[in-house]
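Trainee: Below you'll find the structure I mean.
The values are calculated or read from the model by the stated rules, or taken from the named source; none is laboratory data. A quick note: this is a predicted structure, and the numbers were derived from the prediction, not measured. Cβ placement follows ideal geometry from the backbone for every residue including glycine, while neighbour counts extend to all protein chains displayed.
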Amino acid sequence: MEKLIVEGGRPLSGEVRVSGAKNAALPLIAATLLAPGKHVLRNVPDLRDTRTFIRLMEELGVSSERRGDIVTLDSTNLVHAEASYDLVKTMRASVLVLGPLIARLGRAKVSLPGGCAIGERPIDFHIMGLEALGVSCRLENGYVDAKIDTPLQGNVIYFDIPSVTATENLLMAAVLAEGVTVLKNAAREPEIGNLIDMLNGMGADIKGKESDKLIIEGVKTLSPADCTIIPDRIEAGTYLIAIAATGGSGTVTHCVPSHLPALLEKLRAVGLNVSETEDTVTVSWPKKSKDSGSNQLQSVNIKTMPYPGYPTDLQAQFMTLMAVATGVSRINETIFENRFMHVAELKRMGADITVDGYSAVVTGKGLDGLSGAPVMATDLRASSSLVIAGLAASGRTEITRIYHLERGYENLVKKLTRLGARVWKERE
């Protein structure tokens, strides 16, 4: 097992290119189950999660080939409808094969999903929606066993709370249902827009992109896809926060700034200079801060919300930024109940954080307020918050269990090194 070594105290500077979005790639890979033939997906990040998902597809009978960031998936010989526990246990997104398998084969047996231990994240909305379309679902021995006796029928489905994966799963099931399906209070994340573009390109009829009401007119068949994965907004946000937390100045390229409205607003609110082009974001400290050290970043409050609100996947990283700001900030987590597991590790590095239920109060200590320490990653985004803390801290930080990082950040060490960081991997 490997660990990550970070020697901090060096402002990051330069340019870093964003990879394709993991959270867009996974549902798009699943969507290739809907139509036989060769599908081409471009800008696919090479991550532990995408590799695991492609292995799951192969288990179902799909053949695959990767050349650079282009992945070709041939679902002509799809024969199996069971997603086994051995693969699904490592990644919650595996549940995304449920909808397309039912739509294509009329049956599916999928192990209840695993992934990061950040909360329960039940699949009640998936099952509720599928049953509304005419699917019979049983939970048995840790599996969802689903089948249809008659063709899927369109229906009106309302989500009490917007759910990204449930919205994606039901979109993929409904495109081949008879009649019209309406998803109300649907999730609006850019990754869902990417999936809608792919499905419509395959011949689906989906209206309402970027809204919380999606109208799906069912079609009889779909054609193979040729689609490009959108840039990873969470990776982009992570690097912007890392540059800011180290007192640096840098540009994130090949991103979509409009996918990060809440983060960019908060970065400006803390006192950073933020400028955007169509596909770049540049962040820097005000000159007075760098020249005299008399001006520091100001603490601000955040509350995680469904898109376009502040993303839960950037909460841990922003907490690290607040630890090196001045003043007191309150961070409210409304999406997942166990998403403060990084707090204990940040406190080992000198952060002043108090947790009260779903809120954390951070008393910033300024840019020089953290010091290196041995810490342990607990989940994907917590891992990146510890990397940022290590970059901002004085001294040496050792981060163990970095396999979490490899689930969501492509070429992290190489990209950070290009920004001037001193970071490398070692065997434990």
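Trainee: Have a look at Ala236, Ala204, Ala269 and point out the one that is out of contact with any helix residue (DSSP H, G or I) (no Cβ under 7 Å at 6 or more places or on another chain), outside the structural domain of Asp160 (by TED's automatic domain parsing), at pLDDT 95 or above and over 18 Å from Val16 (Cα atoms).
Mentor: Answer to the check: Ala269.
Trainee: Here's something else I'd like to know. Assuming Ala30 fulfils every condition listed in (1) under 22 Å from Ala382 (Cβ atoms); (2) within 18 Å of the chain's Cα centre (by Cα) apart from one, which condition is it?
Mentor: Tallying (1) under 22 Å from Ala382 (Cβ atoms); (2) within 18 Å of the chain's Cα centre (by Cα), Ala30 fails exactly one: (1).
Trainee: Please identify the pairs in which a residue from the range 17-28 that is without any contact (Cβ under 8 Å) to a residue 24 or more places away in the chain has its Cβ atom under 6 Å from the Cβ atom of a residue that is crowded, with 24+ Cβ neighbours inside 10 Å, counting only partners at least 6 apart or on another chain.
Mentor: Short answer, once both residue conditions are applied: none.
Trainee: Out of the residues in the range 342-366 that are hydrophobic (A, V, I, L, M, F, W, C) and in a strand (DSSP E or B), which is surrounded by the most Cβ atoms within 10 Å (Cβ to Cβ)?
Mentor: Val362
Trainee: On the basis of being within 19 Å of Glu406 (Cβ to Cβ) and not assigned by TED's automatic domain parsing to the domain that holds Ala382, does Leu34 make the cut?
Mentor: Considered against the rule, which asks whether it is within 19 Å of Glu406 (Cβ to Cβ) and not assigned by TED's automatic domain parsing to the domain that holds Ala382, Leu34 comes out as no.
Trainee: Also, I was wondering about something else. Give me the helices (runs of 4 or more DSSP H) completely within the range 165-270, filtered to those with at least 3 residues that are without any contact (Cβ under 8 Å) to a residue 60 or more places away in the chain and hydrophobic (A, V, I, L, M, F, W, C), ordered by residue number.
Mentor: Because the criterion is at least 3 residues that are without any contact (Cβ under 8 Å) to a residue 60 or more places away in the chain and hydrophobic (A, V, I, L, M, F, W, C), the helices (runs of 4 or more DSSP H) in the range 165-270 that meet it are 261-269.
Trainee: Using the structure shown, decide if Val180 is modelled with pLDDT of 95 or more and in the same structural domain as Leu130 (by TED's automatic domain parsing).
Mentor: yes
Trainee: Any idea how many residues of the range 132-171 are hydroxyl-bearing (Ser, Thr, Tyr) and over 29 Å from the mean Cα position of the chain (by Cα)?
Mentor: 2
Trainee: Let me ask something else. Do we find a residue being outside the structural domain of Met349 (by TED's automatic domain parsing) and within 18 Å of Tyr403 (Cα to Cα) anywhere in the range 56-70?
Mentor: No; the residues of the range 56-70 include none that is outside the structural domain of Met349 (by TED's automatic domain parsing) and within 18 Å of Tyr403 (Cα to Cα).
Trainee: In the range 74-96, which residues are surrounded by fewer than 18 Cβ atoms within 10 Å (Cβ to Cβ) and touching a Leu at 6+ places or on another chain (Cβ under 6 Å)?
Mentor: His80
Trainee: Does Val71 count as part of a loop (DSSP other than H, G, I, E, B) and crowded, with 23+ Cβ neighbours inside 10 Å?
Mentor: no
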